[in-house]
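Below you'll find the structure, written out as structure tokens, and then a few comments.
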Amino acid sequence: MRSILRHLVRDWGIEVIFFTIGSHYPSPKGSEERNACYNPIISRIQAFYPNPVVNSNKVKILVPGNKNIDNFELYFPVGCGLSRLVFELACLGYAAQGSEISFFMILTSEFILNDVENENQFDIFPYIHNFSNLIKLDDAFAKYSVPDVSPGEKLPLDADISIIAGDFLRVYCRQKGIGNYLSIFYQKISI
């Protein structure tokens, strides 16, 4: 569960830094890593498919897999984690599908995408139970607000977004016509 809280920081959080009691400001700490990883990928997708609709069909960006081979498709052969990249692509107008094997990742992303009503609705302290590998003791008490956006407000009404539960190799092993693969990997450092 601790790793899910840390993933929330990266994918959906912003750090809240306090100067004095009652005085605070949001820091881009969660968004810095997210933007460094996702923005180059989104830019490349937009370079290949500048219009999310081709021949009256949405370009399909899948994390991973789909049976429809008549449209442009991209596949991500790793898990979609907390579905932030899938969400961002759906917001841009692409048909986005994620695949994830971890029950806790699926449960958390389902909650964020379907049940959260406001941005910064929850405060979490993901490092409070671990005092190893910290630069300073105060880092253990860092407060983060999640999510940094309200998915229900940002996602267009005609958005095409879905998540499939399962291992990529088992779920999609028999599909034909998979066009492109795109992977994103994080170097995980446990703090």
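The values are calculated or read from the model by the stated rules, or taken from the named source; none is laboratory data. None of these values were measured; they are calculated from a predicted model. Cβ atoms come from the backbone with ideal geometry, glycine included; neighbour counts cover every protein chain shown.
Key figures
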| item | result |
| --- | --- |
| Selection status of Ala140, aliphatic (A, V, I, L, M) and touching a strand residue (DSSP E or B) at 6+ places or on another chain (Cβ under 7 Å) | no |
| Residue check for Phe111: at pLDDT 90 or above, of a type in the set (Phe, Trp, Tyr) and within 27 Å of Pro52 (Cα to Cα) | yes |
| Flag if Arg84 is modelled with pLDDT of 80 or more, touching a helix residue (DSSP H, G or I) at 6+ places or on another chain (Cβ under 6 Å) and basic (Lys, Arg) | yes |
| Extreme residue, farthest from Ser83 (Cα to Cα), among residues of segment 29-52 that are surrounded by fewer than 17 Cβ atoms within 10 Å (Cβ to Cβ) and among the small types (Gly, Ala, Ser) | Ala47 |
| Per-region count, segment 109-133, residues under 16 Å from the mean Cα position of the chain (by Cα) and small (Gly, Ala, Ser) | 1 |
| Residue ID - farthest from Glu88 (Cα to Cα), chosen from residues in segment 112-142 that are of a type in the set (Val, Ile, Thr) and in contact (Cβ under 8 Å) with a residue 12 or more places away in the chain | Ile128 |
| Residue satisfying all of: in segment 132-180; hydroxyl-bearing (Ser, Thr, Tyr) and surrounded by 12 or more Cβ atoms within 10 Å (Cβ to Cβ); modelled with the highest pLDDT among these | Ser150 |
